[in-house]
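The values are calculated or read from the model by the stated rules, or taken from the named source; none is laboratory data. Remember, it's a predicted structure, so these values are computed and weren't measured experimentally. FYI the Cβ positions are ideal-geometry reconstructions off the backbone, even for glycines, and counts take in every protein chain you see. Please note that ligands, DNA and RNA were not included when accessible areas were found on the heavy atoms of the full protein model with its side chains. Shrake-Rupley method; radii C 1.70, N 1.55, O 1.52, S 1.80 Å.
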There are 2 protein chains.
Amino acid sequence: MKMHNFKYEGSGLNRFFGPLEAKIMEILWNEAGELTIKDVQLKLDNDAKSNNFNTVMTVMNRLVDKGILQKKSVARSSLYRPVVTKEAFMETQSKELTLDLIEEFGSLAVTHMVDALDKVDPGLLDQLEQKIKEMKKDR
Amino acid sequence: MKMHNFKYEGSGLNRFFGPLEAKIMEILWNEAGELTIKDVQLKLDNDAKSNNFNTVMTVMNRLVDKGILQKKSVARSSLYRPVVTKEAFMETQSKELTLDLIEEFGSLAVTHMVDALDKVDPGLLDQLEQKIKEMKKDR
DNA sequence: CTCCTTACACTACAAATTGTAGTAGGTACA
DNA sequence: TGTACCTACTACAATTTGTAGTGTAAGGAG
């Protein structure tokens, strides 16, 4: 279930998925259990306008094809659940992207990193300093 | 000329552009001057198999539409050149992506950053440490 | 001045991605 | 036995990127 893109626009899951896909993954990950297509469709309805059942089904089955969801056929209906937890997913993406960023931009990214941390949450600067110390100590 | 995606696959300009677009931008940026479509087409031929003139033109004009290239009509032919230097482009992307990464992943990214630096080029760890010190001093 | 070469514009198509939804088929239960 | 529901299959639109044909205009060759 390799991701392909990190989008500049949007936030959260919308960085990785299409808008409908993102809403669906959000629901699946929030419910922590296994849901049927119907379940997901109804939860979507709470949010906004009605979504066609077939639309939801198609998107969910495509997520299965991509290895993001797992599908278990049970008599009448099928149960879907994410292959990995949201935390594991985010962990993977963060790791992958951070590595790619460094490989691609090297020292340029280092400079920007400090600025970004200072801008978003200066507390992270201390955390980073700490981590560096630990890393260097272990060598 | 807002970019939309950062691709997990590939490297260099292929992270931001399609394969042909990337080759074209590479040529434009390397030549530092203004090139005609023909120029670009010929340079592409050095690399690999022949590219249809119209193909190159279409892609280049799309890059103009996207605000990445600038086009100057001169009598018979047109001259194309990048709107910004490669360095400026990379600078912008690095900054944007780094900020997005931090906004999206916060402390998760901080941890991965240290690992990534250690893995790719440990010297960058010292550089980062230095930058943090400077940043904190200025406050 | 006429014709040909060349470059450009316009148009189109294919594959992939994502959202959308119709139709058909099968199963269970009333 | 028929109806409601769930699923599979199929299809289409928009977008992105690569590809390329056809038509047109302009400038130089003769």
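Accessible surface buried at the A:B interface totals approximately 5500 Å², computed with a 1.4 Å probe on protein heavy atoms.
Find out how many positive minus negative residues lie around residue A:131, taking Lys and Arg as positive, Asp and Glu as negative, among other residues whose Cβ is under 13 Å from that of residue A:131. Don't jump to the answer; show the numbers that get you there.
Details: positive: A:133, A:136, A:137; negative: A:126, A:129, A:134, A:138, B:115, B:118, B:129.
Neighbourhood net charge equals -4.
Spacing of the modelled spin labels on residue A:133 and residue B:107, each 7 Å from Cα toward Cβ, amounts to 1.6 nm. Under a model in which nothing but the beta-carbon of Lys, Arg (+1) and Asp, Glu (-1) is charged, the range B:86-137 shows a dipole of about 220 debye around its Cα centre.
Once the Cα atoms are used to define both axes, helix A:107-120 deviates from the longest principal axis of chain A by about 70 degrees. The aspartates and glutamates within cross-link reach of residue A:23, meaning a Cα-to-Cα straight distance under 19 Å and a gap of 8 or more places when in the same chain, are A:9, A:31, A:34, A:39, A:45, A:47, A:65, A:87, B:104.
Please calculate how many Å² of accessible area the protein assembly as shown carries per residue, with a 1.4 Å probe and no DNA, RNA or ligand atoms counted.
Working: 14530 Å² over 278 residues.
Heavy-atom SASA per residue in the protein assembly as shown reads 52 Å².
Partner shielding of B:81-94 amounts to 2, given as the average count of beta-carbon atoms from other chains within 10 Å of each residue beta-carbon.
What's the Kirkwood radius of the range B:15-94 in Å, using all Cα pairs? In the range B:15-94 this quantity evaluates to 12.8 Å. In the context of the full protein assembly, residue A:74 retains an accessible surface of approximately 60 Å², using a probe radius of 1.4 Å and ignoring ligands and nucleic acids. Between 0 and 90 degrees, the angle of helix A:53-65 with respect to the longest Cα principal axis of chain A falls at about 50 degrees. Amide H contacts under 5 Å for residue B:70: B:81, B:83, restricted to partners 5 or more places along the chain or on a different chain, H placed in the peptide plane at 1.01 Å from N.
Taking the protein heavy atoms of the protein assembly as shown in the context of the full set of protein chains, the accessible area attributed to carbon and sulfur is 49 percent at 1.4 Å.
Cross-link check: pairs A:2/B:119; A:2/A:72; B:7/B:49; A:7/A:43; A:43/A:95 evaluated at a Cα-Cα cut-off of 27 Å; pairs beyond the cut-off: A:43/A:95. Expressed in Å, the radius of gyration and Dmax of the Cα atoms of the protein assembly as shown are 22.8, 72. The alpha-carbon of residue B:66 sits under 15 angstrom from the alpha-carbons of these aspartates and glutamates, leaving out residues fewer than 8 places away in its chain: B:21. Per residue of B:124-132, other chain Cβ atoms within 10 Å of the residue Cβ number 6 on average.
Dividing the summed helix terms, -39500 (n - 2.57) for each DSSP H run of n ≥ 4, by the number of residues in the protein assembly as shown produces a 222 nm estimate of -20000 deg cm²/dmol to the nearest 500. Helix A:86-105 and the long axis of chain A differ in direction by around 40°, with both axes built from C-alpha atoms. Across peptide A:116-122, the mean count of Cβ atoms from other chains lying within 10 Å of each residue's own Cβ comes to 6. List the residues of the range B:97-139 whose backbone N lies under 19 Å from a point placed 7 Å from the Cα of residue A:126 along the Cα-to-Cβ direction. Counting only backbone N, you get B:106-111, B:129-139.
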